[in-house]
Every structure is written in C-alpha cells, then in structure tokens.
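One structure follows; several queries about it will come next.
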Amino acid sequence: MRFILRRLGFYLIAFWASITLNFLLPRFMPGDPVSRMFARSQDRMQPEQIEALRKLLGVDDRPIWEQYIDYMHNVFTGQMGVSISRFPTPVTEVISSQIGWTLLLGGTALVVAAVVGNLLGILAAWRRGGAIDSALPPVLVFIGSFPYFWLAMGALYLFGVVLGWFPIRHAFTDGLEPAFTWEFIGDVGAHLVLPALTIVLVSIGGWMLGMRNTMIATNSEDYITMAEAKGLRPGRIMLRYAARNAMLPSVTSFGMGLGFVVGGALLTEVVFAYPGVGYQLLNAVQGLDYPLMQGLFLTITAAVLLANFLVDILYVRLDPRVRSN
C-alpha cells in the first residue's frame, strides 16, 4: 500500500504539472489564439466579437492567477470549453465522439502485436538458433524500420486501390447507420484491417526482440535447470517457469503502449481518414482550434499517466520484490 500511495502521489503531481503546462503554453506563445484567428479572418471580426471570444477562451485581461483558477475548475468539472472548428459543440463532446474509434484501432493493434510478438519471442528464445529465431527477427526489424505512414500509404495503395480488397477511408461505409448489427460490425472490421495491420507490422518486431532477450536471460536461471532436472515437460517449463518470469518487462511495455493508444495512431488515422483522436488533432491544428487542442493534449496525458499507474499496481501483484521496497 505504501508503494501504491507513493506512486499515486507521483502521478497526481505529474497530472497537475501537465494541466499547468496545458494552461500556460498557449498564453506564453507570441500573441494569443484570438489574435491568430483575427489575422486569419482577414480583419472581418468586430471588436465585440473579439472580446467575447477572448472571454470564451479564457485569455481576457484578467490576472493570470484568476484565469488559472477558472481553468482548473473547468478541467475538474469536465468543462473544456467550446470547439472553434465545430462551433458550438463542446470540446468534451467532440473528444467523446472520436476517442472510441481511436481506442478500437490502437487497442486492437496493440493487443495483436503484443500477443503475437511475445509468443514469437518465447518460441525463438526457447528454440534458440532455430528457424523462427534465425529468420523472423531480421525481417521484422527491417519492416519495423519503416515509418507508420509509409507502410500505411503502401498498404492503402496495394490492397485498397489496386487490388480493392479493403476499404480505403473512414471507419465505416458512408450512409450506413451505426448500430449493433452484424452488417455494421463486419463493415467496421473491414475498415479496421488495413490501419491496424500497418501498426502491427511496425511494432511486432520490438515485442518479439524484447521477449526473446528476456527469455534467453531467464533460461539460464537455476530454477529452469532444476525444473529440467525434475523431468518436467518442456512445454510446461517454457510457459510456467521461463515465460511467466520473463513477462514483467513486457507488462511495462504494454502499459506504456496502452497509454499511448490514445494519441499514438495519429499518422495512420490521417492516411486512412480514420475518425479518431489523431485525425481530429490534425484538424484542430489546421483550424487553430486551441480549446480542442488543449482538450486532446490533456486527454492523451491523462491516458498515459493512468495506464502507467495501473501497471504499477499490477507489478505489485506480479513481482513480490516490489512489495518490500
């Protein structure tokens, strides 16, 4: 409990720091959001409109400490302001309508890459020098060296445009009514294949190599030798003794990956016009939508911190050595 409370205090401080930076950065930039929008509108805004917009965005002439208190109150009450690019829709409503698609894409890709990559790493380390250990690592590392967007564009052109096997844009077919029907679920799955596949191909090599290296070190431990001396089946030794103890670094990586699911698929979402948080963030930057940008940055930060805190709690359960610290 002492360890968990100490970590919770650390993450609360980190969350407060992220909120404070999120508040200060737009205000410390040259000019302010309203001035930038005024310049972009080519002087078509009236003075009263400018003043109303300053109050709406919280960058009026009040002292900065008053603005900070109001901002903190709004954050903890879920009032992140109104989106400018999708006026008058609240920022929370915009994010809530997009984050589900990002979680579906990033979560599916993360689970598939972690499960398949770790299994391949276990097999490669257990049969060191075999076909899997010799052939797959260099191939997966070579594929993983390509950027997400490059593979995404290649897959989009080959499997979407040339072969026509998969849809090339959006999360479901235009005109199809969202509903929990097999037709809609199948359509969403077909649109999910290409963007998820590109993320899996780029990241699976890292999962495999990480597990392989940890498994090789674990295989040299005394308890593995003892298990072999007892005559236990190789499969049981591999899964129950070696892989179970080699999983701890992968749990940390999975937790960090889970946090970055919210904002990590930005380029892939842009290439496939997938309506997630990353695609919305690009639109917010292009539209100078400062309230939406702040809301998205804060959401991504909170997701990363929450995922890491959950991993710390899980570590207490998996590794008894942590409990003694």
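For Tyr274, list long-range residues whose amide hydrogen, built 1.01 Å from N in the peptide plane, is under 5 Å from its own amide hydrogen.
His170
Cβ neighbours within 10 Å, averaged per peptide: list 137-146, 185-194 in order, most packed at the top.
Numbers: 137-146: 13.6, 185-194: 16.5.
By packing density, highest mean first, the sequence is 185-194, 137-146.
A follow-up question, please. Would you please put 221-231, 115-125 in order of how densely packed they are, using the mean number of other Cβ atoms within 10 angstrom per residue and starting with the highest?
Values: 221-231: 11.5, 115-125: 21.1.
My ranking of the peptides, most packed first, is 115-125, 221-231.
In whole Hz, what ³J(HN,Hα) sequence does the stretch 121-128 give by Karplus (6.51, -1.76, 1.60; θ = phi - 60°), x for Gly and Pro?
Taking θ as phi minus 60°, the curve returns x, 4, 5, 5, 6, 5, 10, 5 Hz for the stretch 121-128.
Still on this structure, I have one more. How would the stretch 103-287 be classified by its alpha-carbon gyration tensor: rounded, prolate or oblate, with rounded meaning a/c under 1.5 and the a/b versus b/c comparison settling the rest?
On the way: a/c = 2.38, a/b = 2.29, b/c = 1.04.
Verdict is prolate for the stretch 103-287.
Sticking with the crude label model, points 7 Å out along Cα→Cβ, report the distance from Val251 to Gln79 in nm, one decimal please.
4.2 nm
Under the rule of at least 5 residues apart or a separate chain, name every residue whose amide H is placed under 5 Å from the amide H of Val82.
Val91
Working out 0.36 nm times the residue gap between Ile13 and Ser134, then minus their Cα-Cα distance, what length gain in nm do you get to one decimal?
On the way: separation 121, 0.36 × 121 = 43.56 nm, distance 4.58 nm.
Separation in residues times 0.36 nm, less the Cα-Cα distance, equals 39.0 nm.
Bear in mind these aren't lab numbers, they're just calculated from the coordinates by the rules spelled out. From a predicted model like this one, the values you see are computed outputs, not experimental measurements. Ideal geometry is used to build each Cβ from the backbone, glycine not excepted, and the neighbour counts take in all protein chains shown.
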